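Student: Please find one structure pasted underneath; my questions will follow.
The values are calculated or read from the model by the stated rules, or taken from the named source; none is laboratory data. All figures in this text were calculated on a predicted structure; none of them were measured in a lab. A quick note on method: Cβ atoms are made from the backbone with ideal geometry, for glycine too, and the neighbour counts reach across all protein chains shown. Surface areas here come from the heavy atoms of the whole protein model, side chains and all, with no ligands, DNA or RNA. Shrake-Rupley method; radii C 1.70, N 1.55, O 1.52, S 1.80 Å.
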Amino acid sequence: MKIYSYETLDSTNEFMKNNISKFEEYDVVTAENQTLGKARRGNTWVSQKGMALFTFLVKKDENSNLDDSEYLKLPLLAGFSVIKGLKKIENLDYMFKWTNDVYLDEKKLCGILSERNGDNFYIGIGININNHLPEKLKNIAVSLSEKTGKQYDINEIAVYITEEFKTLYTDFINGLWNEILSEINSRNFLKNKKISIKSGKNLKSGIAENINNDGEIEVLINNELHSFSFGEIMNEKIMIEK
């Protein structure tokens, strides 16, 4: 694993994709600032100095018989890797929000963008670490530094998370998905919350349940369990179920 650090890039994902010949699996590209960072569904990613902004390279396992659809679970592995890596820094109650976010104190701490090109996967991660959030975002987002009053080594965090992903990915390839999924569901931010999920042109509302074996979120709608392989969570609120 090598770390390539830059002051400013348009996007760590794009930089790695455009210079793929120089990188090996699990190499990491970090940037202090991104000028054209992307989020899922083409949304713009807001970049602030002090954030952990990095991408690491993952390759399709040549010796595995996994179906291509199984690799759609990589964002879930990445999210859990963030939780495990951050716990080495601060042992806080991080939660995974399907499909690609990590939350702390009911607020967004991290976003993940996984992209594929051939047999290469680019796992892009943005975490609020040392940055100070503007007032207009403080009701929906959280910074680790503002939570603890400490400053952190961004490269150290990137290495911890990448190492955790490497371990989880090896376990995943070796057939331990059910064990990994059980741990992810123990950190399921949406569980028992009333949500609205937009999938394509359809908008459905119900109570979120577990993430299933296919990596889909299950939602109880009118007493029937529905599963979604993709979708945008439009809103959520805690529901106390008895």
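Student: Would you tally the residues in the stretch 143-194 being outside any helix (DSSP H, G or I) and small (Gly, Ala, Ser)?
Tutor: First, the residues of the stretch 143-194 that are outside any helix (DSSP H, G or I): 143, 149-153, 174-176, 186-194.
Subset that is small (Gly, Ala, Ser): 143, 149, 175, 186.
The total comes to 4.
Student: While we're on this one: Is the stretch 47-65 home to any residue that is closer than 27 Å to Ile211 by Cβ, outside any loop (DSSP other than H, G, I, E, B) and at pLDDT below 95?
Tutor: The answer is no; no qualifying residue exists.
Student: Then there's this: What pairs come up if the first residue lies in the stretch 194-206 and is hydroxyl-bearing (Ser, Thr, Tyr), the second is crowded, with 16+ Cβ neighbours inside 10 Å and not in a strand (DSSP E or B), and their beta carbons are under 6 Å apart, counting only those six or more places apart or on different chains?
Tutor: Ser199/Gly231
Student: Quick check on my filter: what residues within the stretch 1-37 are surrounded by 13 or more Cβ atoms within 10 Å (Cβ to Cβ) and in a strand (DSSP E or B)?
Tutor: Ile3, Tyr4, Ser5, Tyr6, Leu9, Val28, Val29, Thr30, Ala31, Glu32, Asn33, Gln34
Student: Would you mind finding the one in Ile154, Ile129 that is surrounded by 15 or more Cβ atoms within 10 Å (Cβ to Cβ) and in contact with a helix residue (DSSP H, G or I) (Cβ under 7 Å, 6 or more places away or on another chain)?
Tutor: Values: Ile154 fails: in contact with a helix residue (DSSP H, G or I) (Cβ under 7 Å, 6 or more places away or on another chain).
Step by step, each of Ile154, Ile129 is checked, and only Ile129 is surrounded by 15 or more Cβ atoms within 10 Å (Cβ to Cβ) and in contact with a helix residue (DSSP H, G or I) (Cβ under 7 Å, 6 or more places away or on another chain).
Student: Still on this model: Would you call Phe230 open to solvent by less than 20 Å² (accessible area, probe 1.4 Å) and in contact (Cβ under 8 Å) with a residue 24 or more places away in the chain?
Tutor: no
Student: Restricting the stretch 1-39 to residues that are among the basic types (Lys, Arg) and more than 20 Å from the chain's Cα centre (by Cα), which is nearest to Gly50 (Cα to Cα)? Talk me through it step by step, then tell me what you get.
Tutor: From the stretch 1-39, those among the basic types (Lys, Arg) are 2, 17, 22, 38; that's our starting set.
Still in the running and more than 20 Å from the chain's Cα centre (by Cα): 2, 22.
On the way: Lys2: 21, Lys22: 26 Å.
In this case the residue turns out to be Lys2.
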